[in-house]
Amino acid sequence: MVKFTQLIGCLVLFIVVPLATTLAQDSTRTIPDTASVRILSDQPSLRIGGALRFNYNLSSWKKEQVKRGGDFGLDMFRINADASYKKLDFHAEYRFYAKSSGGSFLKDGYLTYHFNDSTNLAVGLVQNPFGNTTYNSHNWFFNLPYYLGFEDKASMGIRFHQHSKRWSYDLAFFKNAMELDFGDQTEIDPSRYSYDVAGRNKEVNQGNLRTEYLLSDNKRIGISGMLGGVYNIPTGQMGSRWAAAIHTDLNFGKLNVKLQSMYYQYHLADSAQYKEVLRLAAYGSAYEVATKAYLHTASFAYTVPVKLGPVTAVTFYENYSYMNKPQAGYTDSQMNVLGGMISAGNLVTYVDWAAGNNQPWLGPEWQNGLSSGNPESKWHSRFNINIGYYF
């Protein structure tokens with residue numbers, strides 16, 4: 001914990017000093033972020049959009065499904081609402097899945113106030129500023145950090161964002177994960193999009209620091225830190241958790257490279273038999289994860305413009321992630337996704353061959369794949385086609 005505290009102190013100095021000198025300045029956005037360029041207007045505007053997606057999958061470990069030649073059905077339907085008025089923006093995305101996948105829930109939703117073109121403040125269910133954002137991957141399955149709550153994760157709180165010509169900064173405080181029940185000792189509802197601490201524990205009072213530097217056009221390098229509490233329901237005591245990452249997002253013409261290395265650790269205020277693993281939940285169910293691990297990801301994507309009927313571009317990608325668990329007797333987890341994204345106007349299709357070893361969604365090791373793992377586990381794969389119309 002001492003080393004991480006020192007890191008946080010350095011990050012605070014690294015971020016606060018530039019903020020103090022540039023807070024009142026407007027500047028041209030040169031580093032992409034989650035806030036889009038705005039045109040101020042005295043007239044309120046509202047845009048309703050969404051998506052309808054269908055999915056085909058053939059999973060090697062599901063023997064009866066293999067006999068059927070796979071299954072083709074509904075993935076999800078979503079509604080997006082985006083509104084703006086003067087310096088205020090509003091965004092919300094609500095998704096509808098099958099009951100077995102958690103049913104319907106809010107993915108994210110927040111109100112943003114723009115101080116100027118380079119500085120804004122968002123409040124609500126906001127994406128955590130950590131690692132490569134918005135995504136640390138190119139494929140439909142994401143990378144391993146997503147399944148551990150470190151990619152495309154949203155929490156209830158407030159996020160401050162600012163960018164200058166070369167720097168991008170994010171400071172955030174999150175009170176807790178999205179709450180659906182406001183009981184005294186209530187576990188979180190697993191019907192959610194982001195993977196959050198569940199079961200006997202709840203994540204609370206989380207602080208995030210993230211900064212990126214623009215090396216040159218479309219080449220960025222950054223560092224992130226997270227420190228928060230973990231409330232244990234049975235004991236009523238507070239534990240802690242922290243994470244740190246270094247990440248890059250590099251473009252070389254048509255090639256995009258995302259690299260990230262991170263470490264996380266939980267200290268649970270629970271009885272001895274429950275301190276080695278904790279539970280994370282999303283999509284209506286939960287599984288166990290190790291309380292500490294290193295996560296390394298390497299994602300490559302190459303986009304080729306084409307003219308083939310309605311198809312305008314094809315993006316080929318290779319995304320690999322590795323989870324190293326330092327606990328004695330624990331087996332590491334791996335994940336690899338090879339595939340492509342086909343763009344045809346509003347119609348987007350992902351064709352993926354996803355493989356995993358001790359990955360809950362890519363093999364039979366659901367409960368303990370990301371915790372102790374199974375040393376006898378083999379690689380399993382899933383051929384997946386996701387077809388989505390976005391409007």
Inset, instruction - Summarise the accessible area of the chain (1.4 Å probe, protein heavy atoms) by the percent that is carbon and sulfur. - result: 62 percent
Inset, instruction - At 1.4 Å probe size, with no ligands or nucleic acids counted, give the accessible surface of residue 114 in Å², nearest ten. - result: 20 Å²
Legend entry - Computed over the stretch 257-300: relative contact order in percent, which uses C-alpha pairs under 8 Å that are six or more apart: 55 percent
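Quick check on my link table: of 175/292; 87/292; 99/219, which ones sit more than 30 Å apart, alpha carbon to alpha carbon?
87/292; 99/219, as the Cα separations exceed 30 Å there.
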Inset, instruction - Would you mind pulling out the separation of the Cα centroids of the stretch 319-390 and the stretch 188-207, in Å? - result: 22 Å
Legend entry - Interchain or long-range residues, amide H under 5 Å from residue 195's placed H: 149
Inset, instruction - For the chain, with a Gaussian network of springs between Cα atoms less than 10 Å apart, report the residue from 144, 370, 255 with the top mean-square fluctuation. - result: 255
Legend entry - Pairwise label distance in nanometres, residue 376 with residue 308, each label 7 Å out on the Cα-Cβ vector: 4.4 nm
Inset, instruction - Springs between alpha-carbon atoms under 10 Å, Gaussian network over the chain: tell me which of 230, 257, 306 tops the mean-square fluctuations. - result: 306
Legend entry - Proximal aspartates and glutamates to residue 86, defined as alpha-carbon separation beneath 19 angstrom and excluding residues fewer than eight positions away on the same chain: 26, 42, 117
Inset, instruction - Over the chain, give the accessible area per residue in Å² for a 1.4 Å probe, as an integer. - result: 46 Å²
Legend entry - Neighbour net charge for residue 386 - beta-carbon separation under 10 angstrom, K R +1, D E -1: -1
Inset, instruction - Report, ordered by chain and residue number, the lysines lying within cross-link reach of residue 67, taken as a straight Cα distance under 24 Å and ignoring same-chain residues fewer than 8 apart. - result: 378
Inset, instruction - Filter the chymotrypsin sites (Phe, Trp or Tyr not before Pro) in the stretch 254-298 down to the DSSP loop ones having no more than 15 other Cβ atoms within 10 Å, then list what survives. - result: none
Legend entry - Relative contact order (percent, whole number), the chain, Cα cutoff 8 Å, 6+ residue spacing: 14 percent
Legend entry - Relative contact order of the stretch 283-341, defined on C-alpha pairs under 8 angstrom at six or more residues apart (%): 32 percent
Inset, instruction - Starting from the residue with the highest accessible area, list 153, 62 in decreasing order, probe 1.4 Å. - result: 62, 153
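The values are calculated or read from the model by the stated rules, or taken from the named source; none is laboratory data. The structure displayed is predicted, hence computed values, not measured ones. Glycine also receives a Cβ, built like all others from the backbone with ideal geometry; neighbour counts cover every protein chain displayed. For accessibility, only protein heavy atoms count, side chains too; no ligands or nucleic acids. Shrake-Rupley method; radii C 1.70, N 1.55, O 1.52, S 1.80 Å.
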